[in-house]
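Participant: Got a structure here, written out as structure tokens. Questions coming.
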Ligand code: ATP
Ligand code: MG
Ligand code: MG
């Protein structure tokens, strides 16, 4: 039960939902199909699931598709994939666009009731009036005039396009969201689902209270930075209830938005990274999207554990990535297979006296404490490859341990006189030695014809944003980290030919990796591509 855990985000779920009755709670996760889901959306989805389960209620998933300019089939398909990966169990899937006919009917009722008016004040002037709390000259238009403009808007005519429909709330309110917000506006863009059928669309503010109520949502969870909008939501819902008999109440319940250091969680900003080619795609391992994080080697269980450990606290905090990767490491370490690699550049041959004349092949477990991980071949030979860093760390006469073999005594070290880099090392096997007494444990791979090493590309990443805590008034484009992908060629043990895409492994003394491109994926001669998985220790 992850909910009992109490992260430093504070809070748990004990508080519960107001007015919740077992068996009657209905929550909803309402993504807009304007991008892939990010980790903040994952929190929203999992919290809604959590409360639906807690009260033996129901969860709905609704595509909030009220803005044709931003929405696409690609996003719908990928959000569906993300929802499946998150393991959401929802009762039904709906679309706000299913309710467009009813919303238009409601719009007409609002005009007739005198609570919505057409405004053709130019955008700039409207913004200025809203800032100053000044009523628009259009506010006093008659019902007939408003209905005529409504028809023009429905037709998407020239006159229609210059108007917006606004709720008649309170331009003097200290709450800016109450200053006659826009309810409908024209948009001639193709809608991903309804095509060109509609020329005007309800705003999110206009559609959401209606659809929540009509679908029987009892508790609408929202992030706390929208608290100002609560008053607006209830005003709108009350106005609808007068015109649409039987429309039930909805409770708004807010929780803290999830933020991470060095990270942007906004689809608009993430879109910019995709569109400017700074990342490969929405599922790039540097993206804080569900797909990006999974591709980087996060287990879905770790993501869930982290999110539920946050509780339903309302305090907005900025989370450290180390925290979630530490949870992940605890999950992968006990089972993921071990393999060995040596960096290609600067690798050094160690010639070992006392080793068998002919290379010998042993069969050993891929994880010593986890037999289901299977077995692998291990070749021992007279000549071994070492990493340059290891070769540079040993000294003549020193006793070292060769991992999974035994001790050896270093005899000679040859260096390049110009660079000081080690070019060759010799030593002799000393199997009687005690590995507990040596300081250095060396990773090695047989340099022998019988042991055909695999070309690897080890890829590491940095954050896309180089500022730890992004502020409201920062221009994110100024904070873009120029270099965020680092590649190193390496050679891996022959067993690595069988690794599958998405398989997680540990490279001995190097860290955890996930297979992005398995052997042969990109044709002969192409390396196996491994992405390094953060282990929660900032480098
Ligand atoms: P974005 O700014 O990324 O577009 P959004 O809120 O506009 O986010 P939606 O698709 O409308 O995107 O969001 C779906 C749900 O996820 C909403 O209930 C929203 O409040 C919630 N949500 C979005 N971002 C976060 C976050 N960082 N932490 C928690 N919940 C979030
Ligand atoms: Mg939104
Ligand atoms: Mg947003």
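FYI, it's all coordinate maths here, none of it is from the lab. Please read these numbers as outputs of a predicted model, since none were measured by experiment. Cβ sites come from the backbone with ideal geometry, for glycine too, and all protein chains shown count toward neighbours.
Participant: Assuming 0.36 nm per residue, please report the length gained on full extension of the stretch residue 314 to residue 452 beyond their Cα-Cα distance. Working shown, then result.
Facilitator: Working: separation 138, 0.36 × 138 = 49.68 nm, distance 5.62 nm.
Difference between extended and current length: 44.1 nm.
Participant: For the stretch 190-252 and the stretch 130-144, write down the distance between their C-alpha centroids in whole Å.
Facilitator: Using only Cα atoms to place each centre, the spacing works out to 23 Å.
Participant: Can you work out the FRET efficiency for the pair residue 155 and residue 224, with r the C-beta to C-beta distance and R0 = 51 Å, to the nearest 0.05?
Facilitator: Details: r = 40 Å, r/R0 = 0.79.
Approximately 0.80, to the nearest 0.05.
Participant: Measuring from a point 7 Å past the Cα of residue 517 along Cα-to-C-beta, which residues in the stretch 331-360 have an amide N at less than 20 Å?
Facilitator: Correct set: 341-345.
Participant: Then there's this: When only alpha-carbon atoms are used, what values of Rg and Dmax, in angstrom, describe the stretch 338-533?
Facilitator: Both quantities, over Cα of the stretch 338-533: 19.5, 68 Å.
Participant: Still on this structure, please answer the following. Starting from 0.36 nm per residue, how many nanometres of slack lie between residue 278 and residue 134 once their C-alpha separation is accounted for? Intermediate results must be reported in sequence, preceding the final value.
Facilitator: Working: separation 144, 0.36 × 144 = 51.84 nm, distance 4.32 nm.
Roughly 47.5 nm would be gained on extension.
Participant: Roughly how large, in nm² to one decimal, is the mean projection of the convex hull of the alpha-carbon atoms in the stretch 453-521?
Facilitator: Quarter of the Cα hull surface area: 6.3 nm².
Participant: Still on this structure: So what's the convex hull volume per residue for the Cα atoms of the chain, in Å³? Write out the running numbers ahead of the final one.
Facilitator: Details: hull volume 97.8 nm³, N = 539.
Cα convex hull per residue, to the nearest whole number: 181 Å³.
Participant: Taking the Cα of residue 234, stepping 7 Å toward and past its beta carbon, and measuring to each backbone N in the stretch 146-179: which are under 17 Å?
Facilitator: The answer is 169-170, 173-179, whose backbone nitrogens lie closer than 17 Å to the label point.
Participant: Okay, next question. Which length gain, in nm to one decimal place, applies between residue 418 and residue 467 when the Cα-Cα distance is subtracted from 0.36 nm times their residue separation? Walk me through the numbers before you get to the answer.
Facilitator: On the way: separation 49, 0.36 × 49 = 17.64 nm, distance 3.98 nm.
Full extension of this stretch gives 13.7 nm more.
Participant: Another question, if that's okay. Can you work out the PRE-style zone for residue 474? Point 7 Å along Cα to Cβ, and I want the residues of the stretch 311-339 with backbone N under 13 Å.
Facilitator: 318-319
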